[in-house]
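This report refers to the structure that appears directly beneath it.
The values are calculated or read from the model by the stated rules, or taken from the named source; none is laboratory data. Just so we're clear, the structure is a prediction, and the values are computed from it rather than from any experiment. Please note: Cβ atoms are built from the backbone with ideal geometry, for glycine as well, and neighbour counts cover all protein chains shown. All accessible areas refer to the heavy atoms of the entire protein, side chains included, with ligands and DNA or RNA removed. Shrake-Rupley method; radii C 1.70, N 1.55, O 1.52, S 1.80 Å.
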Amino acid sequence: MGKTAVAVTVTVTVVGVAAVACAVIVNRRMKNGAKWDRTMEILNEFEEKCGTHIGKLKQVAEAMVVEMNAGLASDNASRVKMLISFVDNLPTGDEHGLFYALDLGGTNFRVLRVQLGGKEAGIKRQEFAEVSIPPELMVGKSEELFGYIAAELAKFVAQEGPEFQLSPGRERELGFTFSFPVMQTSIDSGTLIKWTKGFSIDDSVGQDVVEELTKALRKKGVEMHVTALVNDTVGTLAGGRFSNKDVIAAVILGTGTNAAYVESAQAIPKWRGPSPRSGEMVINMEWGNFQSTHLPLTEYDNALDLDSLNRGEQTYEKLISGMYLGEIVRRVLCRMAEEASFFGNNIPPKLLTPFILRTPDMSAMHHDSSPDLRVVGSKIKTILEIPDLSLKKRKVIHKLCVIVATRGARLAAAGIFGILKKAGRDTLANCENQRTVVAIDGGLYEHYTEFRECLEDTLRELVGDRVWEKISIEHANDGSGIGAALLAASHSRYLEDDEK
Ligand code: BGC
C-alpha cells in the first residue's frame, strides 16, 4: 500500500472509532422513530443538494463554453486545459500496414496489433491482450511502471503470427494512448501535467512520456518506434471518424471522464504552429478538471475530495466518473450509520473502508427490479458484511444509487451540450443539413444502463426534439486503442516512402 493510502486508512480508522463512540451516544438517546426520521432527513437533504434541474444544467453548459474559450486562448487561463493534440488529420480509411497500440489509462492496460488494408479492406486483422496493473505500480516509481508495461508489450510482440505483415526494412510503429493530461509538443512527444484516477507517480510529472516508454522498450529489447501519443478521447475520436465521417466529438465515461472535439484552427488563439492543412485541430479538453459554482456539490463530495490523492482537482470527474460514484454512496451511508444508526448500534467496519463500494456494485443495486430488492440485500451482505436489511432500508440504498447516478449522468449531458454549443451544433439552423455524431466509450457508459439512458434523455431535453433528430450518440467500443493505431498509421514515419 502506498504512503498516502496508508495515511487515508489511518485517518479513516480514527474517524471510524470516533464515529462508533458517537453512534453509541446517538443510540442511547434516539428512539427508533427518530432514527428513521434522521435517515430520511439525510436522504432528502442529499437529494435536494444533488438537484440538476434543466436551468442549472444550462448554466453548467454555458460555464463549460466560457472555460473552453479561456482554455483555447491561453494555457493558464482555465482549469479546462484544452490541450492541443497535434492531430490535424483524422484517419481517412486509406491507412494500411501493421501497427501496434498500447492503451494505458486505468487499472488495466491493453496492447493490440492491427493490420490495416486501406479503403477496400479496412481493418483486416486485429489481436489484443489485456493486462491488469498491480496496484503498487500505480503509486510507485515511473521506471517500474513503464518497465512492467514494456515487458508485457515484449511478450505480445513475440506472439506475432505470420498473418501480420510488416513491410521489409521497416521498424514496427506504435500508437500510445496515454489517458492522462499531457502537454504535447508534437504528435509523438509530450510531458505529463499530472496523474489522475488514483495514479500518483511523482517522478513522472514533467517528464516526456514517450521518452520514458521508449527507454523502457529499449531495455526490454523491443524494437518499436512510438509514432503517435494520444489521449483516449483523441483515440476514440479517430476511431469513430474512421467508421463515421460525421463524428465531431468523443467522450470517455469510465474510471475517469474527458472529452475531445474537432476545433477550427482559427478559434485557437494559443496555437502558434503552422496552419493545419485541414484547417482543424483535435482538442483534448481535459474536462474532468472543470469546476463551476453551478455544480451541485455536497459535503460528501467535499470530504471525498479532501481525502483524495488529487485534492482540489478533477472536480467534475469526481461527480461523474466510475471511480467515484460508488464511493459517494458509501459516504452518505456512513453518515446514516453514524447519525441514524442505519446499520444498528455499531458502524459496520467494512463500511469505513474507502472505495469498498465499487460503481459496478452500485450499478447492480440500481438495476435491481425485484420487488424485495434482492440484489441490494445480497450486495450489502457480501460487501459490507451486514446481515439482512429490512426492505425499507434497501429502498433507501437504492434511492441513494439513483440520486448519485442521475446527478452524474445529467452533468455529463450538460458537458456534451456545452461542446455542441461551442461547435455550433445546438441549433436547428446549423444542424439542418448535417448530422452530428458524438462517439462515447468507457465502462460506465457501456455497462451502467440507467446512467447511459439518463444521459441520453437529458441531452435530448437540453437540445430539444428537433435538433435531437440530427444528433446521434454512438458507442465506440474500445475505439481508443484502434484509434491510436490508426493515428500511428496516418502519421507514420514511412508515409513519404509510401507516397513515392
Ligand atoms: C484523464 C483524461 C482521460 C480521462 C478518461 C481523466 O482522469 O485526466 O486524460 O481522458 O480520465 O480516461
Under a cut-off of 13 Å between alpha-carbon atoms, report the aspartates and glutamates in cross-link reach of Lys421, not counting same-chain residues fewer than 8 places apart.
Glu62, Glu67, Glu263
Apply the Karplus curve 6.51 cos²θ - 1.76 cosθ + 1.60, θ = phi - 60°, to the phi angles in the stretch 188-195 and return the couplings in whole Hz, x for Gly and Pro.
10, 7, x, 9, 6, 7, 6, 8
Set the Förster distance to 30 Å, then compute FRET efficiency between Arg493 and Ala70 from the Cβ-Cβ distance, nearest 0.05.
0.25
Mind listing the long-range amide H neighbours of Asn258? Cut-off is under 5 Å, sequence gap 5 or more, other chains count too, H placed in the peptide plane at 1.01 Å from N.
Ile252
Over the stretch 319-365, with a single point scatterer placed on each C-alpha, what log10 of the ratio I(q)/I(0) does the Debye formula yield at q = 0.15, 0.17, 0.23, 0.30 1/Å?
-0.38, -0.47, -0.78, -1.06
What fraction of the DSSP beta bridges in the chain is antiparallel, stated in percent and rounded to the nearest 5?
60 percent
As a quick test, which of the pairs Lys31/Lys379; Lys270/Lys318; Lys56/Lys379; Lys422/Lys470; Lys399/Lys470; Lys141/Lys270 have an alpha carbon distance above 24 angstrom in this structure?
Lys31/Lys379; Lys270/Lys318; Lys56/Lys379; Lys399/Lys470; Lys141/Lys270
Based on the alpha carbon coordinates of the chain, what radius of gyration and maximum Cα-Cα distance (Dmax) apply, in Å?
23.9, 85
At q = 0.15 Å⁻¹, base-10 log of I(q)/I(0) for the stretch 86-230 (Debye sum, equal scatterers on each alpha carbon)
-0.78
Rounded to whole angstroms and listed largest first, the alpha-carbon spread of the stretch 55-143 along its three principal axes comes to 46, 42, 28
Under 5 Å between amide hydrogens, which residues at least 5 positions from Ser472 or on another chain qualify, with H placed 1.01 Å from N in the peptide plane?
Thr436, Val437, Val438
The stretch 86-230, relative contact order [Cα under 8 Å, separation at least 6], %:
26 percent
Quote the FRET efficiency, to the nearest 0.05, computed for Ser472 versus Ile54 with a Förster distance R0 of 30 Å and r equal to the Cβ-Cβ distance.
0.85
Positive end of the charge dipole of the chain (Lys, Arg +1 and Asp, Glu -1 on Cβ, about the Cα centre): tell me which of Leu352, Phe86, Pro162 has its Cα farthest that way.
Leu352
What number, in percent, do you get for the relative contact order of the stretch 92-159 if the mean sequence gap of Cα pairs under 8 Å and at least 6 apart is divided by its residue count?
25 percent
Name the aspartates and glutamates eligible as straight-distance cross-link partners of Lys58: C-alpha to C-alpha under 13 Å, and not fewer than 8 places from it in the same chain.
Asp426, Glu461
Probe 1.4 Å, protein heavy atoms only - accessible area per residue of the stretch 415-489 in square angstrom
38 Å²
Work out from phi, with θ = phi - 60° and the Karplus expression 6.51 cos²θ - 1.76 cosθ + 1.60, the ³J(HN,Hα) of each residue of the stretch 69-80, listed in order in whole Hz, and give x for Gly and Pro.
4, 5, x, 6, 6, 7, 5, 10, 8, 8, 6, 8
Ignoring ligands, DNA and RNA, what percent of the accessible area of the chain is carbon or sulfur (1.4 Å)?
50 percent
Using a Debye calculation, one point per C-alpha and no hydration shell, please list log10 I(q)/I(0) for the stretch 320-448 at q = 0.09, 0.11, 0.23 Å⁻¹ in order.
-0.35, -0.48, -1.38
Could you go through the stretch 391-402 in sequence order and give the Karplus-derived ³J(HN,Hα) for each residue, using 6.51 cos²θ - 1.76 cosθ + 1.60 with θ = phi - 60°, rounded to whole Hz, and x for Gly and Pro?
4, 5, 6, 4, 5, 4, 5, 4, 4, 4, 4, 4
